[in-house]
Every structure is written in C-alpha cells, then in structure tokens.
Amino acid sequence: MSLHNLDNLYRQTIMAYAQHPHNYKPMLETESYHIRKYNPNCGDIIDLAFNMNDDKVTNIHFYGDGCAISKASASMMTDLVSGKNRSQITQLVEQFSKMARGEDGDFKSLGEAQILSGVTKFPTRVKCATLAWHALDELLAIEK
Amino acid sequence: MSLHNLDNLYRQTIMAYAQHPHNYKPMLETESYHIRKYNPNCGDIIDLAFNMNDDKVTNIHFYGDGCAISKASASMMTDLVSGKNRSQITQLVEQFSKMARGEDGDFKSLGEAQILSGVTKFPTRVKCATLAWHALDELLAIEK
Amino acid sequence: MIYFDNAATSQKPQSVIDSLVDYYQNDNANVHRGIYELSERATNAYEQARDKVQNFIHAKKREEVLFTRGTTESLNWLASTYGAENIKQGDEILISYMEHHSNIVPWQQLAQRVGANLKYINLKADGTLDLTDAEEKMSDKTKIVSVTHASNVLGVVNPIKELAQMAHEHGAIMIADGAQSAPHMAIDVQDMDVDFFAFSGHKMLGPTGIGILYGRYEVLNKMSPAQFGGEMIELVDLQEATFQPLPWRFEAGTPNIAGAIGLGAAVDYLTNIGMPEVEAYEQSLVSYALPKIKKIPGVTVYGPQDSEHHSGVIAFNLDSVHAHDLATALDQEGIEVRAGHHCTQPLMRHLDIAATVRVSLYIYNTREEIDHFIDIIGKIKEYFNREFA
Amino acid sequence: MIYFDNAATSQKPQSVIDSLVDYYQNDNANVHRGIYELSERATNAYEQARDKVQNFIHAKKREEVLFTRGTTESLNWLASTYGAENIKQGDEILISYMEHHSNIVPWQQLAQRVGANLKYINLKADGTLDLTDAEEKMSDKTKIVSVTHASNVLGVVNPIKELAQMAHEHGAIMIADGAQSAPHMAIDVQDMDVDFFAFSGHKMLGPTGIGILYGRYEVLNKMSPAQFGGEMIELVDLQEATFQPLPWRFEAGTPNIAGAIGLGAAVDYLTNIGMPEVEAYEQSLVSYALPKIKKIPGVTVYGPQDSEHHSGVIAFNLDSVHAHDLATALDQEGIEVRAGHHCTQPLMRHLDIAATVRVSLYIYNTREEIDHFIDIIGKIKEYFNREFA
Ligand SMILES: Cc1ncc(COP(=O)(O)O)c(C=O)c1O
Ligand SMILES: Cc1ncc(COP(=O)(O)O)c(C=O)c1O
C-alpha cells in the first residue's frame, strides 16, 4: 500500500475541514456579493457569497458539491478573509496562487491554508484547491 | 541503368504513335460530338470529337496536352473505332477497361491497342491510358 | 499499472505501433498525387485501411467510409454540412439526455443558427432510453435523430435499429454516435439502417487523430464537402471549382495517412480476435465486476443494475468519498480511472450529480485486476473515513 | 532511393518516429481530462509541443498556437469562422496566382456564399509577386489578404511583411500560407506582422495529420470555434454552451495527441540544426542544382532563373519528354519527383502549361544525388528521343 503518499495531500487538518467544513451553508440570495464558479475539468460547482461592511468582508460562506481538497480550501479561505478588507484579501489571493503554482516564498500570512501546498505534488488537483480563491478574486474585482 | 524496365511501357509502337500521333488535330467546333476530359491527377487535358454518320463514327480526332501514353492510347483508339457503330465501340471500350484493370481475357479485338496492357505494371499511369477511352464512353452515352 | 480508462482512450497493441513505424520508415510519401512507386504504396496502404473499415462496419460501399480526426469531427461535419443544408427554422433535432458533448453542442449551434429546436429523449429510471418518449417526441418536424450507440457513462447500449425505423417513418435521418460501440461489439451499419455512424480510432486500439464518418451513399453523395483544397479537387477555375467523387471529396488536404494505416492495423487486430469474442469477454468481466462493486457499502452505480444489460462502462459514487478524491487515491495505487462529468453535463444534471467515478474495461483487462481494484477501494474508504478532527 | 518530393511530404527522422512510439508505449492516455498521472504526462507532452511550436515561429503567446490536421484545415477554419463572420457582400478577398488549391477554394466558397469578390495578385515574368499590382488591387473593400509565404512550384519566397503592411493600411487582415516556408526557414510571425499563419507537420519532418494555425491573440480571441464538443467546452446546458479560453476553444474532441508530440520532436530536430543553417544548406543545394538543370538542352525552368532568388523547389519541363513520362522514368531509376499541376491549376493556366516536373529538396539531400539526377535525365532524354517509327 502506498496510500501513505496521500498523506501529503490529505493532511489531517485538511480532512478535518473537509469533514466538518466551516462557513458551509446554502446561499441566502440576499448577499450583496455572490458568484457561482464551475470547474469544467471535473464538474464541481461552488457558490460563494458575502457582504461588504465598511470595506470589510462579512458573513462569508460557501456551498456546493466538491472534493475534500476544494471543501477544505474554501473552508480555510473563508475563515482567513473574514473581516479583512479588499487590499488585504487581494494580497492573500495572490499569495495563495503563488503557493499553488509551486513558487517559493513566505506564505505565513496564509495561516492554516499553507498546508494546501501539498497539492503542488498532485498537479491534476491544483484546480480543486484554487477554485474558491478564484471565485473570491472575481467577486472582489466587481466594484460596487 | 534499369531504364530497360521502361520498355514494358514505352514499347516501340507506343512511342511511334506518341511521336507521330494519328488523328491529332485541333477541334473544329463543328463536330456533333465533342468533349473535353481532364485528368485531375496530373492536369492533362484531352479534347475528343467526331461526327456520327448512319450510326457510324466518322472524322474522329483528338487534341490536347498529354504524355506519351495518353497520346498513343488516343491515337490507337481513334484509329480503331473509326467507322464502327455504337454497340461495336461500346464493346471495345469495355474490353480496353478490362485489360487496363489487369483482368485476364482475349483482347484481340483491340488490335494494336493490346500493347498498352504493359501499363498495368505501372499503376500510377493507368489513368493516362484510359483517359481517351473514358472520354469516348461519355460521348457515346449521349443520345442524339 | 491497471488501466481502467478505456472509454477515454485505449492502449495500443504492438502491431498498431509497428504499422506506424513501418509506414514512416518504408512507405512514407503523400497519397493520391505521386506517379512514383513510393507514393503508390502509401496510397494503397491508405485505401486498404478504408476497405478494412468498410468490412469492419459492414458498409455496402467503400465510398461510404470517410476518414476524419475522430467522432467529434465526424459529428461536426454532419452538423455543418448535412445540417446546414437540410435544417430550417422550426425543424426539430432529437438527441437524448445521455449524449456526449460532441453529440450535443454541434446540434445546439446549428439549432441556434437556423432557428431549429433541439429536443432530448428521456431516460428511464435504470438509465435506458425511454422509447415511448422517443416515439412521442418524433414528428414530421423531426429532421435528424442523433443518439449514441453506447453510453460512455451509463453502460447502456441503445436500440439504434428501432430508433432508425422510427426516424425513417417520420422522414428523419438517423445518426449513431459509435465512439463507445465500435471498439466493443460487431457493427453492422446496414442492419442497423443508420444514415450516418461516427467513431474514433484511438478508443479502439488505433492511433490518435483518426476517426470515421460512415454515410449511406445516397445521403452522403448529396452532401457538400466540409473542407476544401488538396486532393478533394477536380478542376479549379479562378472563381469556382469542381470536386472529386466520394470518398475523396470529403478528404481535403493531406490526410492523416499514418493514422489511417494504424487504424487499419487496429481493425485487423480486433478482427483477428473477433468482435463477438471481444464482446463476450467484456461481458464476462462486467458480470464479474458489477456485483462486486455493487456490494461495496455506500456505493451507487448509475445505469442498469444487472450486468446482463450493462456494458463495460461502470460509473458509480461512494457516499463517503468524493469521486476526485477516490480517483486520486486509486492513481496512487496505480489504478487509472476517470472522475468527473465525462463530457456529459446534461446527463449529470439529469442524474442530479456533479461527477462520478468511472471504470471502463477493454480486452486486456482481467479478473485479477478487478479483484485488486475492489480490495483497494476498501482500503481507500478506510483511509478517508477515519475521524480526522 | 533519392527522394526529391519534399514539397509534397518529408521523410521522418528516427527521433520523430521514436517520440510516437514512446508516447504510445509509455504515456498513452487522453489529455486534459484525467486526474491520474498518466493523463497528466500525456497532457504535459501535448502542451509542451505547443510551447515548442510557439518558440519555433516566435509567437508572442502559447495561446496563439492551435493544433489542426494541417495547412488545409487551418485555412478552411479561417474561411469558415473568421471569414463567415467578417466578410460581407461586396467585400474583397485578395490572393495570388501562385496559390495552392487549399488557399483558393475555401475563399471561393466563402465568396460565393456571401457575395464577396475573390481577386488575384499578378505575377511578374520571373514568377515573383507583382507588388504594384497588389497595391493597386487593395482597397478599403479588401478584408482578407491571403498569400503563400513560399510557392510550392515557382521557388519564390514572397515578401509577406510588406504585404502585411499594405493589408493593414487598408484595414484587411493578413494570412500567410506557411506550408512551404515553415519547414525551410526561420519564421517570425511577429516580425512579419501576420494575423494568421498556417502550416503542416508532415512537410517539416513531423507526422501526418497534424498542423498549426497561428493566430494573433486579439483577432483569434474574437473568432468563434470551428468545431464543438469534448474538451473545448466549459458548461453545457440543454440549449446552449460556453467554451474554454484559447487555445483549447479551438481543439474540439480528442486531438491528434501523438501527432502533436511528433511535431514537437520535429521542431526539436530542426531547432537543433538551426533554421538559418537549414536555409543556408538548401540554398547551397539550389545554387548547385539550378544551373545544372538549366544547362540541360530544351529545359524550361519556371520561376526566378537565378539560384540566389530560388528556393529548394525547382519546377521545369523538357521540350521533348512529357512531365509524366519523365517522372515515371526517374522512378524506374529510384528518383522520386512529382509531375503534374501540384494543386495549383490557376498557376498552371497562368503559365499556360498543363503540368511540370518538380524537384523539391530538403536537408537530407546531397550534391551527389543532384549529380546522379542530372546524369539520369540525360539518359532518359536519349531513351525517349530515339526515333521509334
Ligand atoms: C503552399 C501549400 N499550401 C497548402 C498545402 C496543403 O498542405 P496540406 O496538404 O498539408 O494540408 C501545400 C501542400 O500540399 C502547399 O504546398
Ligand atoms: C459517446 C462519445 N461520443 C463522442 C466522443 C468524442 O470522441 P473524440 O474525442 O474521439 O472525438 C466520446 C469520447 O470521448 C464518447 O464517449
């Protein structure tokens, strides 16, 4: 059995998040920011929504069918950015993309999400990890 | 030198006809039967024309740019069918096609044109030998 | 490695690879143009491949067999030529909920362009085609019925012959997508009475970049070429051109000569085994695999539940492990399966799922591989179902 | 055997053949779909081939490089997508008298369909493009200028950069047919400032069934896909679909994966030699061959008469031996040349001939081969010029 290779990807923290995702709840349809993102490679869908209060992200939550990686990533992401402002978040998104591309750097600011760097060893799964972050990025690009 | 292989194709009679083709003259535009046939493989063009007198082919002649094989074949063909009637000619065309396909048979009725059977050893040149005969066949199919 | 992704593409026997090498090393020349012997050899090999395919699908004439890049191109050509010339506003095109995107989107585009309507035949609870619904949805407005012969997800083989009869009664033509059937069962286009039949070489032991569009002579011969130039041409004037007869009229430019020759070698390989034998062997694998997969706790298998009615394509989900996580874990164990929507998004929505795992079998798979697979699935379930908190 | 028919198709180096065998034996899987490692390897190899081609033609972005079946398909796609979307009644399409059928007939068809006019740039007495005539024939009605970069008959290389500048001044797009240039000289699509550039793998040491359509990003990105289905798709609803970004939007269905990989290997092979070196070597062969051919009594060489301005394609006729008879005789001696219209019927009429013999050289040809060829031509002339009566 070489399933222990999987431990690089499915770290304990990741699996815990996947099994008990944070901020995982259906859309209310009243959020001021809402997007549905689709991973055409695999069919996974994610809904992401939040409100903006004083340039700060509040009530962020996500929903949808996704694999452990995408659920864990969305969980950590929503935890991380909650209460932060646009420019802080934009920086975090950039950091995460960099990490997911396998580039070197200091990713401390990503907190727990650093653990997702294991995905770089599974190139076909990188999109699972970045899907929620791309959704967030697109939402932030909308000026309201 | 293996040019002597060529002797199978460029027999003395064939080359004589190619160098001095019979019934080789420009179209008069007054013939009752006239067709221009084109060999798309190579670009060769043949004009073939004749009159019908009492169900007999008269004044048959051809013209056009063609290789030795096609000129010799047209020469022999025009000699052969001149003065013959539709049904006789149709039979000759069939005989020639059969010979050119490499089938067995008694092709005496083709006279000198039997010598063109050497073309079956040069599959890429079969169309050169049959072009004039196809032209004749198409003209005969027209009921006037 | 255990390769269970044959519905995506198959592995290649040595004889197919050798046929490519042999062509490139010994017969390499362009076709239909040269008057030298090498070119004649290339042309013969290319045209012999057409004859082999003709026999393989029992087409009446060799002219009915056109070389394309694959199923997708074959279907696109039909939409852009036959479709564009025969479908008018208000006409209907009938497909099914189990179609591959390649048999959906070309028709959507055509329908949008001319104002036609695209309709879908329903599926029954077991995933098979609802023939009553097919009958109801056909009318004199129906001009094209295009349905997959074998599903690339549900393990269903559709009754094309019956559909063709219905279609013809309504004056429609019948197209079958044979991408998943031609590799796995004997095909008789005359018996099925289809007007067109499309399939890909790479899924039936052949090379990539080559596929077939079969067309019934009477229909095909009225169709305009899909592409222009090169050997499909007879005469070119400055403003117009005339074209060669079938089949060359549809093969513009230098074709995939090596691809066609390789496909011919694949046909030889399959014919040597015998297509009924291929089908029987795969059937024996399915009857072995399907009950074992169904016995896994928490598994849902899509399509027919009895192996007798199930082809070598088995799509399923585990309630506790997402399809992608399962596929990644299997990959770690050297077992290659597909996870995702399998280019059948309308079917996925119809089934109300986002993705499935798919095992698809072929002649070189074995019971031992299936045993190992079942064993590993169990271990993976354990791995993921630990409490990680 | 002496192979002098490289303008039709080239021979393949061992490294190209090996790359195909290696893919089929070790990396064989479908691309862009699998989430297992084998499929990732196939995808990487396929996409790396795109990068190699990008570098080879100096494209700005990898997204500008699309895989097609070959030049003919590339040009057809342009006519059926860019053409169909941008050419209206009364618009003009400008090509030249030296085009290959593949760069004529697609435009004829388009012009006929939409009521546009197809015009031809004249040639000068030496076979080169008449740029004054080009200038005169361009107007604000001109929407597309499509000219071959290198002729497959005349041995002429056209000043695409100048033509592109003229075309752009009139608001037209510039398309270059690179089928006969990409194999033989360094290509810089940015420097030439073309909007589209088309070429074939099989003429540049690569496999059959693969070619390239380069498109300038800004133009390409506005173009609709030519075919639909498979991996070019993002989302499919029942009645409509959205598509992937460039370059995948244009690659419907399973592509010719092995073909792309083989083309990548061919690019590597040529790049290792260096394209300036390839061009210089061929130039040295031409300066050796052309004077010798011209010295044969009764010979007419078409195109420029000085080897400095003549590419490795030499078309000629003997006054005493018809082109086909000459080609057959050469074949008997193991020398493979082409005889015929070379898919350029309008050019043949322009030159007022039916056919020519054509010698076309490539990197593996030698001076010794040319010597032998000249020698044999002499013998063939003798053979045919006996008096047979
Ligand atoms: C100038 C030119 N354009 C286009 C083509 C067509 O190329 P292909 O047959 O590879 O599509 C050729 C080759 O025959 C050519 O020489
Ligand atoms: C049912 C079906 N139709 C069409 C296709 C498309 O085949 P290709 O990608 O070879 O064009 C496939 C394979 O992916 C398929 O399974």
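All of the numbers you see were taken from the coordinates with simple rules; none came from a lab. No experiment lies behind these values; they were computed from the predicted model shown. Glycine also receives a Cβ, built like all others from the backbone with ideal geometry; neighbour counts cover every protein chain displayed.
Cα-based values for chain C, radius of gyration first and Dmax second, are 21.9, 77 Å. Between A:THR90 and C:ASN117, the simple label model (points 7 Å from Cα in the Cβ direction) yields a spacing of 5.0 nm. Largest mean-square fluctuation among B:MET99, B:MET15, B:MET76, in a Gaussian network model of chain B whose springs join Cα atoms under 10 Å apart, belongs to B:MET15. The protection proxy used here, the mean number of other Cβ atoms lying within 10 Å of each residue, ranks peptides B:127-133, C:213-219 as follows, highest first: B:127-133, C:213-219. Taking amide H atoms as placed 1.01 Å from N in the peptide plane, the amide H of D:ALA150 lies under 5 Å from those of D:ASN158, D:GLN180, D:SER181, each 5 or more residues away in sequence or on another chain. Across region D:211-360, the relative contact order, built from alpha-carbon pairs under 8 Å that are at least six residues apart, equals 14 percent.
Dipole magnitude for chain D: computed about the Cα centre from +1 point charges on Lys and Arg Cβ and -1 point charges on Asp and Glu Cβ, it is near 500 debye. Considering only chain D, the C-beta nearest to the rotation axis that sends D to C is found at D:GLY209, 2, the distance in whole Å. Using the Cα centre of region A:3-140 as origin and beta-carbon charges of +1 (Lys, Arg) and -1 (Asp, Glu), tell me which of A:MET27, A:ASN5, A:TRP133 is placed farthest towards the positive end of the dipole. So the residue we want is A:ASN5. Residues whose amide H lies under 5 Å from that of D:GLU234, counting only those 5 or more places away or on a different chain, are D:THR242, D:PHE243, D:GLN244; hydrogens are built 1.01 Å from N in the peptide plane. Projecting the Cα positions of A:THR58, A:SER70, A:VAL119 onto the charge dipole of region A:3-140 (unit charges on Cβ atoms of Lys, Arg, Asp and Glu, taken about the Cα centre) puts A:VAL119 furthest along the positive direction.
Each listed q (0.06, 0.08, 0.09 Å⁻¹) maps to a log10 I(q)/I(0) for the protein assembly as shown, found by the Debye formula over equal Cα scatterers with no solvent: -0.51, -0.87, -1.07.
Remark: region C:82-96, residue by residue, has Karplus-estimated 3J(HN,Hα) of 4, x, 4, 8, 10, 9, 10, 3, x, 5, 10, 10, 10, 10, 10 Hz, where x stands for each Gly or Pro and the curve is 6.51 cos²θ - 1.76 cosθ + 1.60 at θ = phi - 60°. Here the Debye sum runs over all C-alpha atoms of chain A as equal scatterers in vacuum, and log10 of I(q)/I(0) at q = 0.11, 0.14 Å⁻¹ comes out as -0.37, -0.61. Using a cutoff of 8 angstrom between alpha carbon atoms and counting only pairs six or more residues apart, the relative contact order for region C:14-272 works out to 25 percent. Here, region C:69-174 is characterised by an Rg to Rh ratio of 0.94, where Rg is the alpha-carbon radius of gyration and Rh the Kirkwood radius.
Toward the positive end of the charge dipole of chain D, with +1 on the Cβ of Lys and Arg and -1 on the Cβ of Asp and Glu, the farthest Cα among D:GLY264, D:SER320, D:TYR97 is that of D:SER320. Each other residue within a Cβ distance under 13 Å of D:ALA327 adds +1 if Lys or Arg and -1 if Asp or Glu, for a net charge of -4.
Taking 1 over the mean of 1/r across every pair of different Cα atoms in region C:274-349, what Kirkwood radius in Å do you get? In region C:274-349 this quantity evaluates to 13.8 Å. With N as its number of residues, region D:173-321 has a Cα radius of gyration that, divided by 2.2 N^0.38 Å, comes to 1.40.
The HN-Hα couplings worked out from phi for region C:17-28 by the Karplus form 6.51 cos²θ - 1.76 cosθ + 1.60 (θ = phi - 60°) are 4, 4, 5, 5, 4, 4, 4, 5, 7, 10, 10, 5 Hz, whole numbers, x standing for Gly and Pro.
Chain B residue nearest the axis that carries B onto A, by Cβ, with distance in whole Å, is B:PRO40, 22. Remark: region B:1-78 carries a charge dipole of roughly 180 debye about the Cα centre, counting +1 on each Lys and Arg Cβ and -1 on each Asp and Glu Cβ. Charge tally around C:ALA164: other residues with Cβ under 9 Å, Lys/Arg +1 each, Asp/Glu -1 each, net -2. Starting from the label point of D:GLN25 at 7 Å along Cα→Cβ, the same points in the other copies fall at 1.1 nm, in ascending order.
Return the whole-Å distance between the Cα centroid of region D:48-103 and the Cα centroid of region B:88-144. Answer, in whole Å: 44. Net charge dipole, the protein assembly as shown: roughly 220 debye, given to the nearest 20, about the Cα centre with Cβ charges of +1 for Lys and Arg and -1 for Asp and Glu. Please report the antiparallel percentage of DSSP beta bridges with both residues in region C:274-378, rounded to the nearest 5. The antiparallel proportion sits near 100 percent. Averaged over peptide D:248-261, the number of partner chain Cβ atoms lying within 10 Å of each residue's Cβ comes to 6. Take each peptide in C:165-172, B:29-36, D:261-268, count the other Cβ atoms within 10 Å of every residue, and average; sorted highest first, the result is D:261-268, C:165-172, B:29-36. Of all DSSP beta bridges confined to the protein assembly as shown, the antiparallel ones make up roughly 65%. A simple spin-label model places the labels of D:ASN385 and C:GLN48 4.1 nm from each other, with each point 7 Å out along Cα-to-Cβ.
The alpha carbon convex hull volume per residue for region D:1-129 rounds to 177 Å³. Count the net charge of all other residues whose Cβ sits under 10 Å from the Cβ of B:LYS84, scoring Lys and Arg as +1 and Asp and Glu as -1. That sum, taken over residues with Cβ under 10 Å, equals +1. Spin-label model, C:SER287 to C:GLN239: label points 7 Å out along the Cα-to-beta-carbon direction sit 6.8 nm apart.
Suppose a student asked you for the relative contact order of region C:22-117, using Cα pairs under 8 Å spaced at least 6 residues apart; what percent would you report? It comes to 19 percent, rounded to a whole number. Of all beta bridges that DSSP places with both ends in region C:14-272, some 45 percent have antiparallel geometry.
Here region D:345-389 and region D:155-179 have alpha carbon centers that stand 31 Å from each other.
A convex hull fitted around the alpha carbon atoms of region C:324-380 yields 95 Å³ per residue.
Each part reduced to its alpha carbon centroid, region B:32-46 and region C:261-319 end up 55 Å apart.
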